[in-house]
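Heads up, the thing below is written out as structure tokens.
The values are calculated or read from the model by the stated rules, or taken from the named source; none is laboratory data. Being a predicted model, the structure only gives us computed values, none of them experimental. Backbone-built Cβ (ideal geometry, glycine too); neighbour counts: all protein chains shown. These area figures cover heavy atoms from the full protein model, side chains too; ligands, DNA and RNA do not enter into them. Shrake-Rupley method; radii C 1.70, N 1.55, O 1.52, S 1.80 Å.
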Amino acid sequence: MRAAIVQLNAGGRDVDGNVEVALRLVGEAADGGADLVVLPELFAFYGSQRRMRELAEQLGGPITTRLADVARTRSLWLLGGSVCELAEGHVFNTSFLFDRSGEVVAAYRKIHRYDVDLPGQPPIRESGLFAAGEELVTHQVEEFRLGLSICYDLRFPELYRGLMTSGANVLAVPSAFQQVTGEAHWEVLLRARAIEEQAYVLAAAQWGPWGPPEAGHRTFGNAMIVDPWGRVLVRAPGEGDGVWFAELDAREVRSVRATLPALAHRRLGTVC
């Protein structure tokens with residue numbers, strides 16, 4: 001299966017402009033033969049919580065409808081990074097997975113919310129906008145089983161162990177990782193999750209500034225795909241929109257898991 005990850009910046013344009021860029025890049029991925037395309041976290045807009053709350057939509061709203069349309073017309077699997085989903089009286093940070101017919105076949109609501117105080121920047125409080133999800137989500141995509149996560153989830157290995165025990169051998173991590181933490185931890189954590197779960201990792205990413213200029217917020221870019229041995233197959237630069245591809249091979253997953261059968265050697269229970 002040919003996978004594509006998208007990198008873009010959703011902090012410097014309006015919503016329509018961001019969505020147009022995202023759809024153009026999905027089209028480029030389709031032209032490149034992608035079977036599965038992963039967009040970044042909050043690809044339609046990344047900025048003030050007030051504005052993101054205003055943009056929150058139910059499934060079937062204008063943003064998710066356009067994702068469904070492109071998945072259907074280009075006949076590909078599309079993981080819509082994440083959008084601000086309005087549901088049950090709350091706003092969730094939600095990844096929707098669309099199949100080749102444009103149907104939503106899975107939805108994952110981000111479990112771990114990013115509440116931090118980074119040096120020299122105003123605090124970031126995702127809990128001020130987003131309600132927390134509660135469910136692990138996987139779905140069969142061709143010969144693979146895709147496990148869903150979003151950005152800050154990357155720091156919680158128990159989530160990925162749970163996805164693996166649910167059958168996942170590809171892990172999606174659409175992200176808007178911050179520059180400060182990205183420089184220190186992004187590649188290390190992505191490779192660790194791939195090595196621990198002996199799975200491919202697809203990490204679409206945002207790059208560049210977001211929010212008020214005086215706040216100094218910046219996302220790290222460096223979208224990448226990592227194989228089950230922990231090798232970085234493809235890596236985007238720190239800046240710039242684009243699409244990057246890698247071939248995923250189910251035989252490689254089976255080979256790594258047979259050569260180094262750590263997953264079969266677990267002693268602390270089925271979810272550890």
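Observations
- Label zone at Ala264, where the point sits 7 Å out along the Cα-to-Cβ direction: the stretch 194-235 residues whose backbone N lies under 17 Å: 197-199
- Relative contact order of the stretch 158-244, defined on C-alpha pairs under 8 angstrom at six or more residues apart (%): 27 percent
- Computed over the chain with a Gaussian network model linking Cα atoms closer than 10 Å, the most mobile of Gln198, Gln121, Gln140 is Gln121.
- With a Förster radius of 25 Å applied to the beta-carbon distance between Asp249 and Ser75, the computed FRET efficiency rounds to 0.70.
- Thr259 accessible area, assembled protein chains, probe 1.4 Å, Å²: 100 Å²
- Loop sites by DSSP among the GluC sites (Glu not before Pro) of the chain, restricted to those with at most 10 other Cβ atoms within 10 angstrom, leave 136-272 as the longest stretch without any of them.
- Cβ-defined net charge surrounding Arg2, 11 Å radius [Lys, Arg +1; Asp, Glu -1]: -4
- Nitroxide proxy distance, nm - points 7 Å out along Cα→Cβ at Arg155 and Asp115: 1.2 nm
- For Met52, the accessible surface of its heavy atoms amounts to roughly 10 Å² (probe 1.4 Å, protein chains only, rounded to the nearest 10).
- Max mean-square fluctuation residue, GNM over the chain, Cα-Cα springs under 10 Å, options Leu260, Leu154, Leu23: Leu260
- Taking a sphere under 11 Å around the Cβ of Arg100 and counting the other residues whose Cβ falls inside, with K and R at +1 and D and E at -1, yields a net charge of -2.
- Accessible area of the chain belonging to carbon and sulfur atoms, whole % at 1.4 Å probe: 52 percent
- For the stretch 29-101 versus the stretch 192-256, the gap between their alpha-carbon centres in whole angstrom: 18 Å
- Between Ala30, Ala215, Ala264, the Cα set farthest toward the positive side of the dipole of the chain (charges on each charged residue's Cβ, about the Cα centre) is that of Ala264.
- Accessible area expressed per residue, the stretch 113-272, with surrounding protein chains retained (probe 1.4 Å, Å²): 44 Å²
- GNM result for the chain, Cα springs below 10 Å: residue of Val105, Val26, Val234 fluctuating most strongly: Val105
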